[in-house]
Amino acid sequence: MNKKYMPPLRVGKYIAEVPVIQGGMSVGVSLSGLAAAVANEGGIGVIGAAGIGMFEEDFENNFKEANRRALKKEIRKAKGMTDGLIGVNVLLALTDANELIKISAEEKVNFVFLGAGLPLNLPEEVTPQGVKEPFTKVVPIVSSARATKIIFDYWAKNYGNVPSMVVVEGPMAGGHLGFKKEQIDDPNYALEKIFPLVLETVKKYEKSFDKEIPVIAAGGIFDGTDICKYISMGAAGVQMGTRFVATYECDASNEFKNMYLKCKKEDLEIIKSPVGLPGRAIRNKFIEDAEKGIRKPFKCPWKCLKTCDFRTSPYCIARALTNAKIGDLRNGFTFAGANAYRVNKIVSVKELLAELKMEYEKKCNL
């Protein structure tokens, strides 16, 4: 029997030797350091764009320019550290989403991953008419076949093209989730159920547009066994976030990473985010206070998220996540995937990917 190795991930002319996309974790958790390390090992490294300007000195007074400057800086730093594939993750719920998408294209990143909304009205920088394979490839993050069809039909009609790749994210992911609270534990919405439906939907567009469109599994992917499972189901690769937090190269503080090492299964809970979406986080005193109705007073320098009502929000989520990133867990909290409690050590990105390959080969060659 031929030994099964992890297949490379091919997206148009781009080839990732390791079919693993590092999830874009925003507010400073995945910046140039982590993204470049992943790209150097043959995966796709991703910079999280949401709240990226929070660490600039003039953010409070000049938020849009701070975001623009910080994103350019991180993309350029990443490119200076690797010749591998780099992406940027942009939440479509951001007030300046289109500006961040434009910058990503202008700075020639390979991919723009778009979540927290439907990518229907995008800048022409990433949707050039008549260009089958644009340099910066748009990758929607979806949670249903219905959303996939809406996106692809809109693109076909308005751009004469369809997205180059799709990430299907299930309800075991960390951070904001594309599901209603009651759907999160409903087996009908599990990744195993929604992934095949999205895959089937995308195949129809592959035929009509004469191009391969890789479909990526995400949300709760933890080890090489999971990767084997989804590649066997037809996935071209996987996206992982939680495992990359527990790496030396992750751009978050050691205090942030230690939350993952110390957490137990029962510490992971679904919170109601001020953004209006459910989110999975690690329980701490900050979250407990919010649940008790204790408000954390703040001044909103600008409405960074379209859906946030700062007048009624119990706290500023951007500030809370920024605090956590730099290690101030008394005034913030950490998002995490459903399997974060299984993390028990900090390793290098190189070690992590080697471990995933070994587990994959062991499982797929049984």
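Observations on the structure shown:
- Listed cross-link partners LYS180/LYS204; LYS264/LYS292; LYS77/LYS357; LYS262/LYS345 are compared with a 20 Å cut-off, the Cα-Cα value being larger for LYS180/LYS204; LYS264/LYS292; LYS77/LYS357.
- Cα-based Lys pair tally, segment 80-168, threshold under 21 Å, eight or more apart or on separate chains: 9
- Whole-Å semi-axes of the ellipsoid equivalent to segment 68-215 (Cα gyration tensor, √5λ, descending): 25, 20, 14
- Within the shell of other residues whose beta carbon sits under 12 angstrom from the beta carbon of LEU356, the net charge comes to -2, with Lys and Arg scored +1 and Asp and Glu -1.
- Among PHE135, PHE222, PHE152, the ranking by other beta carbons within 10 Å of each residue's beta carbon, starting with the fewest, stands as PHE135, PHE222, PHE152.
- Size of segment 95-152 as Cα extents on the principal axes (Å, biggest first): 31, 28, 17
- Binned Cα-Cα distance frequencies in segment 134-208 - 10 Å width, integer %: 18, 49, 26, 7
- Diffusion coefficient, µm² s⁻¹, Stokes-Einstein with Kirkwood Rh over alpha-carbon pairs of segment 1-113 at 20 °C and 1.002 mPa s: 150
- Choice from GLU182, GLU169, GLU106 with maximal GNM fluctuation in the chain (Cα, 10 Å cutoff): GLU182
- Sorted on the mean count of surrounding Cβ atoms within 10 Å across their residues, most packed first, peptides 321-329, 55-63 read 321-329, 55-63.
- Of all beta bridges that DSSP places with both ends in the chain, some 30 percent have antiparallel geometry.
- Euclidean distance of C-alpha centroids, segment 167-194 and segment 45-104, integer Å: 27
- Radius of gyration and Dmax over the Cα atoms of segment 207-302, both given in Å: 18.4, 55
- Basic side chains Lys and Arg get +1 at the Cβ, acidic Asp and Glu get -1 at the Cβ, and with that the dipole of segment 1-147 about its Cα centre reaches some 680 debye.
The numbers here are math on the coordinates, done by the rules we state, and not lab data. All of these numbers come straight from a predicted model, not from anything done at the bench. For neighbour counting, all protein chains shown are included, and Cβ atoms are generated from backbone atoms with ideal geometry for every residue, glycine included.
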